[in-house]
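*Asks:* Structure below; questions to follow.
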Amino acid sequence: MDKITINTPLDMHLHVRDGEMLKNVMEYSSKPFAGGLIMPNTLPPISSREEILSYRKRIVEAIGDEQFEPLMSIFFKSSYDYELLESIKDLILVVKLYPSGVTTNSEGGVLSVDLDEVGETLSAMEKLGIPLSIHGETNGSTFEREAEFLPTYELLAKSFPKLKIIMEHISDRRTIELLDKYENLYATVTLHHLTVTLDDLLGGALKPHLFCKPIVKTSEDRDALQNLVLSGHKKVMFGSDSAPHPQEQKESGNGSAGIFSAPVLLQGVVELFDKNGKLENLQAFLSDNARRIYELNPKEKLVTLEKRNFTVADSYGGVVPLFAGEKLSWSLS
Ligand code: NCD
Ligand code: ZN
């Protein structure tokens, strides 16, 4: 096959930032995708009804004439009660929970993810049918942070059986088994965790543009994630975690975590499915699973790619992308 059309591709975990950066990066998502779940870890984080509405407005302005639906989220606070959540229910797709300090702009997150601290808010979300999106890492040793968080996923899944819980950007093969153990656990997977390992990040030269949270892991983890998505697993959605930072900030002595992957996402995902002879499961991963899990009904947008070399630029909107300077075998038509 030398052409493929994806029906209404969705990016279910996306950072587009604010201000100038938003204006510079939005097109790399709004052209190829029909919609995306916008993360709330701006500075300050999105944490009120007014902030959701005004942030959405700035995003819509940056989108301009493209057809792209920004699906909004709010930054989890244990102070959110039933009334507050009810008043924003129609404006958001998820509440995003960050343990404090585990990633970029998460300082205002939850100090300990236990039922004493988050139970009341989660119970209200369960009643209202608002899904919970989680950055599932502890403050422990870098490589073990996701694995150390697994008991918390299990506790929440058991305590709130009607609450849909999305394990974001899963990176560790030990996380995968939870998907089939708890009906209410779902996952997003990024392109970089499907293609990049720790050796790529620091096995040769140090590659700051491959530094992100959760950290990329071993080839066994990468392969297990590939098998999961290539199998067409129904509880797994594409969520890029494209997270742009200015080049100077990534290349400094105190480099920020986050990989800017928006300009290469569909090309990279199609290449992975094509190389593995699994194009029949591409549509589920890029759109259908998310629509079913989140009960979405987005306006149709057909996006075609063709098998033609695409050389990734060194920079897009002042940000160095994933696969900068490399050649991919599929291009957007
Ligand atoms: C993200 C960012 O920069 O906002 N960084 C990252 O390394 N993934 C935050 C996040 O999703 O963890
Ligand atoms: Zn993220």
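*Asks:* So which residues in the range 209-224 are closer than 27 Å to VAL319 by Cα and buried (at least 18 other Cβ atoms within 10 Å of the Cβ)?
*Replies:* Across the range 209-224, the qualifying residues are HIS209, LEU210, PHE211, CYS212, LYS213, PRO214, ILE215, VAL216, LYS217, ARG222.
*Asks:* Checking TYR28 against (1) aromatic (Phe, Trp, Tyr); (2) in a loop (DSSP other than H, G, I, E, B); (3) under 16 Å from the mean Cα position of the chain (by Cα): exactly one of these is not met. Which one?
*Replies:* With (1) aromatic (Phe, Trp, Tyr); (2) in a loop (DSSP other than H, G, I, E, B); (3) under 16 Å from the mean Cα position of the chain (by Cα) applied to TYR28, the lone miss is (2).
*Asks:* Test LEU296 against the stated conditions and say whether it is away from ligand 2 (no atom under 16 Å from the Cβ) and either part of a loop (DSSP other than H, G, I, E, B) or more than 27 Å from GLU69 (Cβ to Cβ) (or both).
*Replies:* yes
*Asks:* Here are LYS234, LYS207, LYS213: which of them is touching a residue at least 40 places away in the same chain (Cβ under 8 Å), more than 16 Å from ligand 2 (Cβ to nearest atom) and out of contact with any Phe, Trp or Tyr (no Cβ under 6 Å at 6 or more places or on another chain)?
*Replies:* LYS234
*Asks:* Which numbered condition trips up VAL196, out of (1) surrounded by fewer than 20 Cβ atoms within 10 Å (Cβ to Cβ); (2) in contact with a helix residue (DSSP H, G or I) (Cβ under 7 Å, 6 or more places away or on another chain); (3) of a type in the set (A, V, I, L, M)?
*Replies:* Every listed condition holds for VAL196 apart from (1).
*Asks:* Can you tell me which residue in the range 243-302 is nearest to MET26 (Cα to Cα), limited to those that are of a type in the set (Gly, Ala, Ser) and in contact with a strand residue (DSSP E or B) (Cβ under 9 Å, 6 or more places away or on another chain)?
*Replies:* If we take residues in the range 243-302 being of a type in the set (Gly, Ala, Ser) and in contact with a strand residue (DSSP E or B) (Cβ under 9 Å, 6 or more places away or on another chain), then ALA262 is nearest to MET26 (Cα to Cα).
*Asks:* Only one residue in THR190, THR218, THR197 is within 16 Å of ligand 2 (Cβ to nearest atom) and either in contact with a strand residue (DSSP E or B) (Cβ under 6 Å, 6 or more places away or on another chain) or under 23 Å from GLU148 (Cα atoms) (or both), so which one is that?
*Replies:* THR190
*Asks:* Further question on the same structure: For the range 60-99, what are the residues that are polar (S, T, N, Q) and either part of a strand (DSSP E or B) or within 30 Å of ARG145 (Cβ to Cβ) (or both)?
*Replies:* Residues satisfying the conditions are SER73, SER78, SER79.
*Asks:* Please list, ordered by first then second residue, the pairs with beta carbon atoms under 8 Å, 6 or more apart or interchain, first in the range 248-272 and more than 18 Å from HIS13 (Cβ to Cβ) and more than 16 Å from ligand 2 (Cβ to nearest atom), second in a helix (DSSP H, G or I) and of a type outside the set (Lys, Arg).
*Replies:* Final answer for the pair search is GLU251/PRO208; GLY255/PRO208; GLY255/GLN249; VAL270/LEU279; VAL270/LEU282.
*Asks:* Okay, next question. Out of SER219, SER242, report the one residue that is hydroxyl-bearing (Ser, Thr, Tyr) and farther than 16 Å from GLU168 by Cα.
*Replies:* The conditions single out SER219.
*Asks:* Which ones in the range 161-193 are farther than 18 Å from ALA290 by Cβ and within 16 Å of ligand 1 (Cβ to nearest atom)?
*Replies:* SER171, ASP172, THR175, HIS192
*Asks:* Sticking with this structure for a sec: Could you go through the range 132-153 and let me know if any residue there is closer than 20 Å to HIS233 by Cα and in a helix (DSSP H, G or I).
*Replies:* Yes: the range 132-153 contains one or more residues that are closer than 20 Å to HIS233 by Cα and in a helix (DSSP H, G or I).
Values quoted throughout were computed directly from the atomic coordinates according to the rules given, and no laboratory measurement underlies them. What you see is a predicted model, and the numbers here were worked out from it, not measured in a lab. Reconstructed Cβ throughout: ideal geometry from the backbone, glycine too, with neighbour counts over all protein chains shown.
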